[in-house]
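What follows draws every value from the coordinates through simple rules; no lab data is involved. Keep in mind that what you see is a predicted model, and the values were worked out from it rather than measured. We place every Cβ from the backbone using ideal geometry, glycine too, and count neighbours over all the protein chains shown.
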Amino acid sequence: MEKYVCQVCGYVYDPEVGAPEAGIAPGTPFEDLPEDFACPLCGVSKDNFEKQ
Amino acid sequence: MYCTKRILDDLFWVGADDRRLSCFEGVYGVPEGVSYNSYVLLDEKTVLFDTVDKAVAKTFFENVKHVLNGRKLDYLVIHHMEPDHAATIEDLVYRYPETRIICNAQIKKLLGQYFFDMSDRIDLVKEGDSISFGKHELTFVNAPMVHWPEVMMSYDKTDKILFTADAFGTFGALNGHIFADEVDFMHDWLDEARRYYTNIVGKYGPQVQNVLKKASALEINYVCPLHGFVWRSHFGDFLEKYLLWSSYEPEVKGVCLAYASVYGHTENMANILAGKLVDRGVPVEMFDTSVIPASYIVSSAFKNSHLVFASTTYNAGIFVTMENLLHDIANHNLQNRKIALLENGSWGPTSGKQMKELLSNLKGTEFIENTITILSAPTEKTMSELDALADAIAKDIVGEKKVAAPAPVYKAEVSNDAFINLTYGVEVLTTKDGDKDYGCIINTAFQAAAGDPKKMAISVINKNYTCEMIKKTGVFNVSVLTEDAPFAIFEQFGFQSGRNVDKFADVDYQDRTANGLRYLPVYTNAVFSCEVTESIDLGPSTLFIGNIIEAKKLNSDPSCTYAYYHAHIKPKKQPVAEQKEGWRCKVCGYFYEGHELPADFVCPLCKHGPEDFEYVPAVTVKKKKGFICKICGYFEEYDGDELPADYTCPLCNHGREDFEPAEM
């Protein structure tokens, strides 16, 4: 599964880790993240992420 | 020794200036220095807001100790973990081990990274949490990426203070000031405040907008940032700039022109373009990228609507200083600009294409085509290309090219002095309505046309009752005044109104012309009778044109001209006569001033004694205070510093500006 990087603050979403602090379980691919997913570090929306 | 500032009775600035720092954040020159702000609140609990850079630690600790004045430090609120504010946290917790730290989860994580795990002394807060310190209740809001992800701001509901971390800060040492209103911020500080914002926070416009939205719901009386001034008035002026900067809208319709030139040819092209732009009314800011640090140019790029980059080609690429600048501008997320590119290359000019690639991802950005190329040096062809570019930019900024009106070397003025030289006669104008006679003074009668009948024209002030009556009846007489007409005639017909008085009440002449209208048989030498054929309202006056149905020469006395009236009839300012108390010799007239004549007095002139003197009481001529018309001499008795604004002379209709103070 591919990692995605927040273009604003550099946060890396690793699907194998998920984002527990945002309630996202490990193993969740980026595409499956909810539309209202916010970067856990800087709060911007999903469309600010790009494939690493 | 402590060096603090009082913000409020219970809020103190405990920060310091740093004037030795050569580059802020390792890159931004700060020739005016920089300040690090920290605040202490003395409520039932004591609260410290952030700390300072390590460079000013000594003064900071002296300040905190002084303000606490023996009390313990209950809380440290941390808004921002950048070391220019957070570096001294570690030393603070050693000095004040009992202090509780209030911060959010991300700040807690960074504390662990910079210093050590401080969990045992941290009280975590989340977005919207509130804590009361006694009189003051603070609410915490997150401001992610303004300009770091962990940033928190707090709002004191009691005194309506917003602690904004780095937002609303500026470069520049405070130099003894603390409030923005103690300096001329918009004039002297805005450039550095812009350079601070655009370089440090510029990339995070959307995040700043989010915070501004949150803050717009709050009533804010004080803004306390971590650099620069505390705002307690006119904050809107600064906020307005933040709204523009954070939405990437330019402040100014103008050009930021930056060039990279090695031997001066590209510079020459840039200079020529700058001149052409200013000729067309376009404001220009210009920078040599070899000399001016990028932060100044980035700031100018945020300020201006149009950007022009001129670079020579170097190592088959963009000259290094320009390349660095353009990367910087792109990294700062600048948007919504129009960009023009100029390139130079003695063999393979390619910088233009590469500059375009570098800038092409900027949102909302348009390139003004085409890139202008020179080979080593500008030519005549370059001049016309630069003209075309300047025209295109000017069209956006100034509008359609207007043919500039030649600057007038001569300004047409209507000078009152000239009018006094026009030559007129002076006449008494009369008319009749039913059995009532009316009359007024004019100086505007002339023969308008020959022919059969001949025509006469008169211009009469609309406010004159005679004018109204002529409009009503359509008939008038003109009696031409002679040089021997006394001022009394002007007072009789000019200083009173037919609305209130019968101006002919006391006259002993009853002469009338064939049309039944009165005329003056005294002080005149001719009379004309007219029937109005047309009238034109000119605003303050009406022009009547009439057929002359009777014209009589009365005598050959010289006519009074307007100039003669001014020179000889109009009263001059009179000296005020006054009679002092004393005794006058009945024989020779000698006057002795005094209340009592001595019993043995001898007249120095005729040697007669007191029996030939008569007592003369003091006479103060009652001075009438008022204003005299400089045009016609009419005196208005008036007690006041100036006539009312709507006052007009009853005789000549001029306004109060043609009156001067006088006594009669």
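DSSP loop trypsin sites (Lys or Arg not before Pro) in the range B:394-496 with at most 11 other Cβ atoms within 10 Å of their Cβ, which ones?
Working: sites: B:Lys395, B:Lys401, B:Lys402, B:Lys411, B:Lys432, B:Lys436, B:Lys454, B:Lys455, B:Lys463, B:Lys471, B:Lys472; in loops: B:Lys401, B:Lys402, B:Lys411, B:Lys454, B:Lys463.
When the trypsin sites (Lys or Arg not before Pro) of the range B:394-496 are filtered for loop state and at most 11 Cβ neighbours within 10 Å, B:Lys401, B:Lys402, B:Lys411 remain.
Cross-link pairs exceeding 21 Å between alpha carbons, from the set B:Lys303/B:Lys381; A:Lys51/B:Lys338; B:Lys160/B:Lys214; B:Lys338/B:Lys395; B:Lys586/B:Lys607: B:Lys303/B:Lys381; A:Lys51/B:Lys338.
So, with +1 on the Cβ of K and R and -1 on the Cβ of D and E, and no other charges, what is the size of the charge dipole of the range B:526-664 about its Cα centre, to the nearest 20 debye?
540 debye
Sum -39500 (n - 2.57) across every DSSP H segment of at least 4 residues in chain B, then divide by the residue count to get the 222 nm mean residue ellipticity, nearest 500. Before the final figure, lay out the partial values.
Details: 15 runs with 153 residues, N = 664.
Helix-only estimate at 222 nm: -7000 deg cm²/dmol.
Projecting the alpha carbon convex hull of the range B:69-140 along each direction and taking the average yields 5.2 nm².
Considering the options B:Asn268, B:Asn416, B:Cys530, tell which one lies farthest towards the positive end of the dipole of the protein assembly as shown, charges being +1 on Lys and Arg and -1 on Asp and Glu at the Cβ, about the Cα centre. After comparing all options, I get B:Cys530.
The angle separating the long axis of helix B:265-279 from the principal Cα axis of greatest extent in chain B is about 30 degrees. The residues packed around B:Phe133, meaning those with a beta-carbon under 14 Å from its beta-carbon, carry a net charge of -3 if Lys and Arg are +1 and Asp and Glu are -1.
Calculated FRET efficiency, B:Gln496 and B:Tyr590, Cβ-Cβ r, R0 56 Å, to nearest 0.05?
0.80
For the range B:234-306, the square roots of the Cα gyration tensor eigenvalues, ordered a ≥ b ≥ c, give a/c of at least 1.5 with a/b no greater than b/c, which places it in the oblate category.
Where does the charge balance sit around A:Pro15 when Lys and Arg score +1, Asp and Glu -1, over other residues with C-beta under 14 Å from its C-beta? Residues close to A:Pro15 contribute a combined charge of -2.
Placing a pseudo-label 7 Å from each Cα along the Cα-to-Cβ vector at B:Lys214 and B:Val278 gives an inter-label distance of 4.6 nm.
I'd like the antiparallel share, as a percent to the nearest 5, of DSSP beta bridges with both residues in chain B. The antiparallel fraction comes to roughly 70 percent. Working from Cα positions, state the angle (0 to 90°, nearest 10) between the long axis of helix B:190-200 and the longest principal axis of chain B. Helix B:190-200 and the main axis of chain B meet at about 30 degrees.
Under the classification rounded if a/c is under 1.5, otherwise prolate if a/b is larger than b/c and oblate if not, where does the range B:169-229 fall, given a ≥ b ≥ c as square roots of the Cα gyration tensor eigenvalues? Mind dumping the intermediate values first?
Working: a/c = 2.36, a/b = 1.33, b/c = 1.78.
Oblate, since a/c reaches 1.5 and b/c is not below a/b.
By the beta-carbon count within 10 Å of each Cβ, the least crowded to most crowded order of B:Arg337, B:Arg6, fewest first, is B:Arg6, B:Arg337. From the largest down, the range B:449-577 spans 54, 35, 29 angstrom on the principal axes of its Cα atoms.
Straight-line cross-link partners of B:Lys472 among the lysines, defined as a Cα under 22 Å from its Cα and at least 8 positions apart when in the same chain: B:Lys432, B:Lys436, B:Lys455, B:Lys463, B:Lys503. With the simple model of a label 7 Å out from the Cα in the direction of the Cβ, B:Leu543 to B:Ser247 spans 5.5 nm.
Distance between the C-alpha centers of the range B:265-291 and the range B:169-209? Whole Å please. The range B:265-291 and the range B:169-209 have Cα centres separated by 27 Å.
Going from the residue with the fewest nearby Cβ atoms within 10 Å to the one with the most, B:Met322, B:Met469 rank B:Met469, B:Met322. The range B:626-664 and the range B:47-94 have Cα centres separated by 74 Å.
Panel order for B:His566, B:His654, by other beta carbons found within 10 Å of each beta carbon, from fewest to most: B:His566, B:His654. From the alpha carbon centroid of the range B:1-39 to that of the range B:490-544 is 85 Å. Considering only DSSP beta bridges where both residues belong to the protein assembly as shown, give the percentage that are antiparallel (nearest 5). In the protein assembly as shown, approximately 70 percent of DSSP beta bridges are antiparallel ones. Here the mean projected area of the convex hull built on the C-alpha positions of chain B is 58.2 nm². Each pair of Cα atoms in the protein assembly as shown enters the Kirkwood radius, and Stokes-Einstein at 25 °C and 0.890 mPa s then converts it into a translational diffusion coefficient of 71 µm²/s. Compute the acute angle (0 to 90°) between the alpha-carbon long axis of helix B:205-216 and the principal axis of greatest extent of the alpha-carbon atoms of chain B; round to the nearest 10°. Helix B:205-216 and the main axis of chain B meet at about 60 degrees. The Cα atoms of chain A define a convex hull whose projected area, averaged across directions, is 3.0 nm². Taking a ≥ b ≥ c as the square roots of the Cα gyration tensor eigenvalues, with a/c under 1.5 meaning rounded and otherwise prolate when a/b beats b/c, else oblate, which class fits the range B:285-406? Cα axes put the range B:285-406 in the oblate bin. For chain B, relative contact order (Cα pairs under 8 Å, six or more residues apart, normalised by length) works out to 7 percent. With Cβ to Cβ distances under 15 Å as the rule, what net charge do the other residues near B:Asn370 carry (K, R +1; D, E -1)? Once all neighbours under 15 Å are counted, the net charge is -2.
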